[in-house]
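Every read-out reported here was derived from the displayed coordinates using simple, explicitly stated rules and does not represent laboratory data. Every value quoted in this text rests on a predicted model; they were computed, and no experiment measured them. Positions of Cβ are backbone-derived with ideal geometry, glycine not excepted, and every protein chain shown enters the neighbour counts.
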Amino acid sequence: MAYNNILVEKDGHLAILTINRPKAMNALNNETLTEIDKAYDELMEDGQTRVVIITGAEKAFVAGADIKELMEADGEKAKVISSKGNTLFRKIESCDLVSIAAVNGFALGGGCELAMACDIRIASEKAKMGQPEVNLGLIPGYGGTQRLTRLVGKGKAKELIFTADMLDARDALKVGLVEHVTEPGELMDEAKKMAKKIISKGPIAVKLAKQAINFGSETSLPDGIAFEIEKFGQVCSTEDKNEGTKAFLEKRAPEFKAK
């Protein structure tokens with residue numbers, strides 16, 4: 001379908017979703033959240049897409065939520081806004097598609113939260129990341145208090161949220177907020193390179209590994225291990241497992257069919 005605020009490009013098993021509101025620094029207003037949600041529904045249902053790269057148009061990844069909408073919101077409306085963003089980001093985080101955030105500039109507030117909902121984050125040297133909501137008398141509302149804590153630890157998350165400090169790309173790498181940092185002109189090439197590497201692997205295996213990692217990060221170690229055992233049994237019942245192990249023994253590249 002046609003979108004007003006995002007662009008979606010497909011190339012085989014890869015999709016690139018670009019948030020395209022450059023005049024608003026790609027801020028996440030209600031319409032943009034709705035469009036991203038619909039785009040993910042379409043990508044999950046198309047039977048082809050395995051990896052999605054999310055990035056922003058021009059100088060920003062996403063500079064934050066739409067402040068005009070927040071300014072007009074009372075307590076009850078704010079809960080609706082927060083719930084919508086959290087539901088979408090949880091979908092991105094938990095769906096079978098692998099999401100890579102290519103952070104090309106400012107990723108603040110809702111933008112940082114969107115990046116954290118992705119499976120992997122690659123940042124340009126020009127990236128700036130943070131949760132500056134307290135500057136506006138707000139707190140993060142799209143999962144920032146939860147995912148930032150899980151990624152960088154409780155103390156660092158409190159420091160970043162309480163002070164509203166921004167991290168440059170290298171500092172974000174040091175604290176574990178991003179996995180890789182690249183030169184600005186190499187960002188999308190690096191993201192595509194990683195996407196293609198993931199696409200070349202067993203698709204069912206990647207899907208089940210994501211499920212096991214996500215489940216284990218939110219539960220006890222014994223429960224996580226029990227879940228892994230179930231998923232290991234599941235993946236060993238697939239044609240792809242037979243193909244992968246046979247190809248290894250025959251010293252050739254596997255031809256996975258997602259079966």
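In loop segments of region 169-259 as defined by DSSP, there are no chymotrypsin sites (Phe, Trp or Tyr not before Pro) with at most 11 further C-beta atoms inside 10 Å of their C-beta. What is the sum of charges around ALA73, taking Lys and Arg as +1, Asp and Glu as -1, for the other residues whose C-beta is under 12 Å from the C-beta of ALA73? In short, -1.
In the chain, the calculated helix contribution to ellipticity at 222 nm averages -15500 deg cm²/dmol per residue, counting -39,500 (n - 2.57) for every DSSP H run with n ≥ 4. Distance between the modelled labels on HIS180 and GLU42, one decimal in nanometres: 2.7 nm (7 Å Cα→Cβ projection). Placing a label point 7 Å from the Cα of GLN146 along the Cα-to-Cβ line, the residues of region 210-244 whose backbone N sits under 16 Å from it are 214-220. For Cα extents along the principal axes in Å, the value calculated from this model appears in (1) 61, 49, 38; (2) 61, 42, 35; (3) 55, 37, 36 under label (2).
Let me make sure I get this right: for region 144-259, a, b and c are the square roots of the gyration tensor eigenvalues over alpha carbons, sorted descending. Under 1.5 in a/c it's rounded, otherwise prolate if a/b > b/c, else oblate. Which is it? Oblate is the answer for region 144-259, as a/c is 1.5 or above yet b/c matches or exceeds a/b.
Of the GluC sites (Glu not before Pro) found in region 31-68, those that fall in a DSSP loop while having at most 14 other beta-carbon atoms within 10 Å are GLU58. Rounded, prolate or oblate for region 78-127? Axes are the square roots of the Cα gyration tensor eigenvalues, ordered a ≥ b ≥ c, and the cut-off for rounded is a/c under 1.5. Judged from the Cα gyration tensor, region 78-127 comes out oblate (a/c at least 1.5, b/c at or above a/b). Relative to the current alpha-carbon distance between ALA2 and LYS156, full extension at 0.36 nm per residue lengthens the span by 51.4 nm. Cross-link check: pairs LYS174/LYS207; LYS10/LYS192; LYS38/LYS77 evaluated at a Cα-Cα cut-off of 19 Å; pairs beyond the cut-off: LYS174/LYS207; LYS38/LYS77. Normalised Debye scattering of region 203-249 at q = 0.31 Å⁻¹ gives log10 I(q)/I(0) of -1.06, counting only Cα atoms as equal scatterers and leaving out solvent.
Of all DSSP beta bridges confined to the chain, the antiparallel ones make up roughly 25%.
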